[in-house]
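Reading through the structure tokens given below for one structure.
The values are calculated or read from the model by the stated rules, or taken from the named source; none is laboratory data. These numbers come from a predicted model, not from an experiment. With ideal geometry, Cβ positions are generated from the backbone for all residues, glycine too; neighbour counts draw on all protein chains shown.
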């Protein structure tokens, strides 16, 4: 904020499951449910906002945007600000009206939502940028949302600054490209990119977050602070542009369908990267709703073996645990045996564990991991217990046994017509409100 | 030659689908990737990791391919028991694939 000459600072902080977990927190405490890091982040930036016209847009509201806004006002008061308008955008939480959607089929399995009705914990629609634009037009300095779609956090301010309307599909596509590049932390700035010997990135410990300049034509110019670590190149930009979008010509967002298939990425030689020629088509009119539900419990147990014969002992341990499950009549919905350091990432492909072990390829250490899903916590706990029992009853020299149990919070999705989601803005003011 | 010597990659996820990009370091190598790294070959390479179809999208302006791997994440990121639920490491698996640099790319682009 002090060196980047920013107009807007965006905190994009929600992953798929975050809001379901936040909702559970709110059930226990009505004042909670916003991002746990909100105080840490906001207390640092609020002081920097004094005397500067930087506005903040964030989805840190999670399951409680109004609660988050109240807390920010309090932090602003403590930071010595005299005037601040915070807008909380709500309406993404459609759990109270979920009965209207129970017949709908989930995107993942095609089965009706009804099947899991008794286990549903949360339901949040991915909303667009319109209310953010409105809140900014009404003088908000900070806009806090719930489950807004990530690119919308950038789209909202861009549409406000250039006074564009939400049926300008081509411009929305261009602004969506900017938003997509700014997502995911430092990925566009050399984060999640380094591969020593092939892709070198300096000073990852001090990596910078991206800065984007957008102009009237919807062209994005990315830049990086000179003092920050990381790297901004055509290659880092391409990786982030294509990240998670599947069909590049049809990137669905609540506000439109973006088309990145003709995007150009250009290095003008001044340390910036210019991204142009994204486009867009009309929105689908449907919004994706993420439904969080409880799906049993996950139990895990791990133990390590080292030195000569490590893999053989790990295989013996796995077989022992497998037979213990049978002998004790343990009922598991699914169980999985992994040999970390050998096949836990790609093993399904090679089937190495079942085949011959090449003595020359034997790893120096192996960590056996047993994981399973069960309906009850008791059954899930048995998994870790059986692995820990290997400490005295299993193969020689097993070490570092650990066990874990936790409820499985799964997410499924449905599509609802956008009219079913009614958003609202709540304005909270410190000092005199701006007219 | 392994793909890692010629291209870079990043994997992402959505539900039970993995999305893996393949970006040529140099634009001149793009025709070779298009020719040899077909959806079929990727499906074979990934083996039992991918339970569903593999789709390939070509992005010539970026010298890149985007692969969409269906039914590849153990029933979905939020339900999977795998160590790497999100399949983030699958980009490394793709880059481990061998291609034949001696083969000239065919004049017709191989269909995905």
- [ ] Say whether the condition of being away from chain B (no Cβ under 13 Å), buried (at least 19 other Cβ atoms within 10 Å of the Cβ), at pLDDT 95 or above and under 22 Å from residue A:19 (Cβ atoms) is met by at least one residue in region A:290-300.
- [x] no
- [ ] State yes or no: is residue A:41 within 29 Å of residue A:212 (Cα to Cα) and surrounded by fewer than 19 Cβ atoms within 10 Å (Cβ to Cβ)?
- [x] yes
Task: Index of the failed condition, residue B:22 passing every other in (1) out of contact with any strand residue (DSSP E or B) (no Cβ under 6 Å at 6 or more places or on another chain); (2) crowded, with 22+ Cβ neighbours inside 10 Å; (3) touching a residue at least 60 places away in the same chain (Cβ under 8 Å) - done: (1)
TODO: Output the number of residues of region A:388-415 satisfying the condition of being away from chain B (no Cβ under 14 Å) and touching a helix residue (DSSP H, G or I) at 6+ places or on another chain (Cβ under 6 Å).
DONE: 6
TODO: For region A:263-276, enumerate the residues that are without any contact (Cβ under 8 Å) to a residue 60 or more places away in the chain and in a loop (DSSP other than H, G, I, E, B).
DONE: A:267, A:268, A:269, A:270, A:271, A:272
Open item on the list: Taking the criterion of being touching a helix residue (DSSP H, G or I) at 6+ places or on another chain (Cβ under 8 Å), modelled with pLDDT of 95 or more, within 11 Å of chain A (Cβ to nearest Cβ) and in a loop (DSSP other than H, G, I, E, B), would at least one residue in region B:33-43 satisfy it?
Closed with: no
- [ ] State whether the residues of region A:243-254 include one that is in contact with a helix residue (DSSP H, G or I) (Cβ under 6 Å, 6 or more places away or on another chain) and assigned to a loop (DSSP other than H, G, I, E, B).
- [x] no
Open item on the list: Looking at residue A:368 and the list (1) within 14 Å of chain B (Cβ to nearest Cβ); (2) at pLDDT below 95, which single condition is not satisfied?
Closed with: (2)
Task: Test: residue in region A:334-347 that is within 10 Å of chain B (Cβ to nearest Cβ), touching a residue at least 40 places away in the same chain (Cβ under 8 Å) and under 30 Å from residue A:112 (Cα atoms) - done: yes
Task: Residue list for region A:394-423, filter: within 14 Å of residue A:301 (Cβ to Cβ) and either part of a strand (DSSP E or B) or without any contact (Cβ under 8 Å) to a residue 24 or more places away in the chain (or both) - done: A:399, A:400, A:401, A:402, A:403, A:404, A:405, A:406
Task: Count of region A:188-200 residues which are surrounded by 22 or more Cβ atoms within 10 Å (Cβ to Cβ), within 12 Å of chain B (Cβ to nearest Cβ) and not in a loop (DSSP other than H, G, I, E, B) - done: 1
Task: region A:303-338, residues that are farther than 30 Å from residue A:109 by Cβ, in contact with a helix residue (DSSP H, G or I) (Cβ under 7 Å, 6 or more places away or on another chain) and part of a strand (DSSP E or B) - done: A:303, A:305
Open item on the list: When you scan region B:75-90, do you find a residue that is more than 10 Å from every other protein chain (Cβ to nearest Cβ), modelled with pLDDT of 90 or more and under 15 Å from residue B:36 (Cα atoms), even just one?
Closed with: no
TODO: Report yes if some residue within region A:9-27 is more than 19 Å from the chain's Cα centre (by Cα) and assigned to a helix (DSSP H, G or I); otherwise report no.
DONE: yes
Task: Hits in region A:253-272 - residues which are touching a strand residue (DSSP E or B) at 6+ places or on another chain (Cβ under 8 Å) and within 14 Å of chain B (Cβ to nearest Cβ) - done: A:258, A:259, A:260, A:261, A:262, A:263, A:264, A:265, A:266, A:267
Task: Boolean, residue A:387 is buried (at least 23 other Cβ atoms within 10 Å of the Cβ), in contact with a strand residue (DSSP E or B) (Cβ under 7 Å, 6 or more places away or on another chain) and not in a loop (DSSP other than H, G, I, E, B) - done: yes
Task: Among the residues listed as A:82, A:131, the single one being in contact (Cβ under 8 Å) with a residue 60 or more places away in the chain and surrounded by 15 or more Cβ atoms within 10 Å (Cβ to Cβ) - done: A:131
